[in-house]
Amino acid sequence: MIEKRKVRIMMVNTNNLIIIIMKTTKNYLVFGVLTLCSLFFLAGCNSDGKLRESLNEYVNDMKHQYFPSGKFVFDENVKDMNFGKITIEMLSGLRDEGLITYTVLESQGSIYAVDVNITEEGLKYAKKVDENLYSVSLHTEKIDKILEKEFNEDTGIGLCHYSTVYDEVTPFGKIIMGIKSGDVCNEKTNKTVKKIDGVWQAEWPSWKEQKKEK
């Protein structure tokens, strides 16, 4: 004769986990724990390391800007297409950082004639490209947050939206751009990515030499 026992099923929801307990008259049997987290979401999180690393290769190059030296004239109210906006306040800031010396030769309203020289300290971040013209280092960038991921598993092509912050800001970048490392650069931008060797990542930049595997 088969003994009949009453079975009571209790469902307990705790932090995305459902614990199913079957209670009999003699003991408690735990049949299983089922997570509600998506396996695709977990896979995406695990691959973010490579995704972030590959995207960084597109933004971590040092950015530069032309900077004049010697005698020249500028208008504080006019933004030059090569040098940006030059002001006496900016020149004073660069001088205070020990990057340049300058003398005001003449001024009228917002127009100044100056004589600027790059110091030894300034030459650490400046490269001469022409007579009285330098290219000065400003900053690099790095990936801040991965905002959205749109992956097509069938084609192996996707789109990644991310934000960037300024990184490795030089004294020139600090004064000319008024930024510091960690400041937000791009709130949202995107890059096409591919699934390579089973991992979502951006292709290696065509202008960069491939890193040698250790």
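Only the coordinates and a few stated rules stand behind these numbers; no lab work does. Bear in mind the structure is a predicted one, so any value in this text is a computation, not a measurement. Backbone-built Cβ (ideal geometry, glycine too); neighbour counts: all protein chains shown.
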**Asked** Can you list the aspartates and glutamates whose alpha carbon sits under 14 Å from that of Lys128, skipping same-chain ones fewer than 8 residues off?
**Response** Glu120
**Prompt:** Tally Lys/Arg at +1 and Asp/Glu at -1 over every other residue whose Cβ is under 9 Å from the Cβ of His161; what's the total?
**Reply:** +1
**Prompt:** In terms of modelled amide H atoms, which long-range or inter-chain residues lie less than 5 Å from the amide H of Ser181?
**Reply:** Val169
**Message:** Ignoring solvent entirely, what values of log10 I(q)/I(0) come out of the Debye formula for segment 64-137 at 0.12, 0.23, 0.25, 0.27 Å⁻¹ when each Cα is a single scatterer?
**Reply:** -0.29, -1.11, -1.31, -1.48
**Request:** List the residues whose amide H sits under 5 Å from the amide H of Ser69, counting only those 5 or more places along or on another chain, with H placed 1.01 Å from N in the peptide plane.
**Result:** Leu133, Tyr134
**Request:** Under 10 Å from the Cβ of Arg52, count the other residues' Cβ atoms, weight Lys and Arg +1, Asp and Glu -1, and hand me the total.
**Result:** 0
**Request:** Would you work out which of Gln108, Leu91, Ser137 lies farthest towards the positive end of the dipole of segment 64-137, given +1 charges on the beta-carbon of Lys and Arg and -1 on that of Asp and Glu, about the Cα centre?
**Result:** Ser137
**Prompt:** Of Lys85/Lys188; Lys145/Lys188; Lys63/Lys142, which sit over 18 Å apart, Cα to Cα?
**Reply:** Lys85/Lys188
